[in-house]
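First comes the structure, then the notes that go with it.
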Amino acid sequence: MLNQTNTPTPELRIAVAGATGRVGSHLINKLGSDPVEVISLTRQKAPENISAGVSSVVVDFAKPSTLEMGLAGVDKLFIAHGTSPQQVANEIALIDAAVKTGVRHIVKLSVMGPATPINPFAWHTVIEAHLAQQPVASTVLRPTTFMDVLKRAGSQVAAGTWAGAAGHGRVNLIDIRDVADVARVALLEKVAENSQRAYHLTGPRSWTMHQVAEALSPLLDYTVSYSDRSPEEQRTALLAEGLSSFVAELLTGLDRVFNHSVLTERTLTVEELTGSPPRELSDWLQENIASFR
């Protein structure tokens, strides 16, 4: 938990790359009550969901000079790039610009998982390796998969057609608000020069997709079921939905990770850093039940 000795000074300037994303938007709201200056690095002018009082700087990853201008005078940088084929190049460009401009501490949102060719896990491995070689203090946040991934199944649950290739594998999902809470603590921590930290973040327990279906049933007042597909069948179904080959590969790969019960680890990191236990998936389902109607 953040203690008195870690309280930041008003002069602390924190840049958030990915401020319009799921974790970034929650993080900016949380930092709003701290005595810090927050700067949003964004690729769009005047993004709608940026809080008032947060400075917004437009950057262009094709022009490194804009990254350096956006990071001028910044003490700490939070990186949460959206999943895309450009993620590796763009995050490395941000890291390099941060080092060049004298940023003292970089906090990167990564992902928990094994060394694997499956993306986005493989992309994060490359970025983490680059960050580790830089002469700057760094903290890597490695959460398991976000609970929000279940929202993608919302229309299928409502139509009674929910299916996938996760089988009876288990996964420990985490609420993005818990990740944002830890990101705030990590950014406000006083860290030694050039120190390297990694925090593994999980929810309180692991679930199968069949158990998630069972938990949804009483909330929706009808029986929800999850049907099993092979990875090939799942990819074909996703393409038939109109998803791109890129997205279909990502989602099929995620199902494969779930199927193999790769992400079942439980850590106490969220509670130890924030003082509160991680949020329960059952509570998240109740809060977001409208997404499944």
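The values are calculated or read from the model by the stated rules, or taken from the named source; none is laboratory data. As the structure is a computational prediction, the values presented were derived from the model and not from experiment. FYI the Cβ positions are ideal-geometry reconstructions off the backbone, even for glycines, and counts take in every protein chain you see. Calculation scope for accessible area: heavy atoms of the full protein, side chains included, ligands and nucleic acids excluded. Shrake-Rupley method; radii C 1.70, N 1.55, O 1.52, S 1.80 Å.
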Any idea how many residues of the range 226-254 are loosely packed, with under 15 Cβ neighbours inside 10 Å and not in a helix (DSSP H, G or I)? 5
Hey, among the residues in the range 75-86 that are of a type outside the set (Asp, Glu) and in a loop (DSSP other than H, G, I, E, B), which one's modelled with the lowest pLDDT? 82
Cβ-Cβ under 9 Å pairs, at least 6 apart or on other chains, the range 223-241 side hydroxyl-bearing (Ser, Thr, Tyr), far side surrounded by 15 or more Cβ atoms within 10 Å (Cβ to Cβ) and part of a loop (DSSP other than H, G, I, E, B): 225/162; 226/162; 226/166; 226/208; 227/162; 230/165; 236/229
Is the range 208-230 home to any residue that is more than 24 Å from the chain's Cα centre (by Cα), farther than 24 Å from residue 282 by Cα and not aliphatic (A, V, I, L, M)? yes
What single numbered condition from (1) crowded, with 21+ Cβ neighbours inside 10 Å; (2) touching a Phe, Trp or Tyr at 6+ places or on another chain (Cβ under 8 Å) fails to hold for residue 180? (2)
Residues of the range 94-125 classified as over 15 Å from the mean Cα position of the chain (by Cα) and modelled with pLDDT of 95 or more, total: 13
Given 270, 185, 212, 257, which one is part of a helix (DSSP H, G or I), open to solvent by less than 20 Å² (accessible area, probe 1.4 Å), at negative phi and in contact with a strand residue (DSSP E or B) (Cβ under 7 Å, 6 or more places away or on another chain)? 270
With (1) surrounded by fewer than 16 Cβ atoms within 10 Å (Cβ to Cβ); (2) over 18 Å from residue 207 (Cα atoms) as the list, and residue 142 as the residue in question, which single condition is left unmet? (1)
Which members of the range 104-139 meet the condition of being in contact (Cβ under 8 Å) with a residue 40 or more places away in the chain, farther than 25 Å from residue 264 by Cβ and of a type outside the set (Ser, Thr, Tyr)? 104, 105, 107, 132, 135, 136, 137
How many of the residues in the range 13-27 are free of Cβ contacts under 8 Å to residues at least 60 places away in the same chain and assigned to a strand (DSSP E or B)? 0
Residue by residue through the range 59-74, note down the ones that are part of a loop (DSSP other than H, G, I, E, B), open to solvent by 30 Å² or more (accessible area, probe 1.4 Å) and touching a residue at least 24 places away in the same chain (Cβ under 8 Å). 61, 72, 73
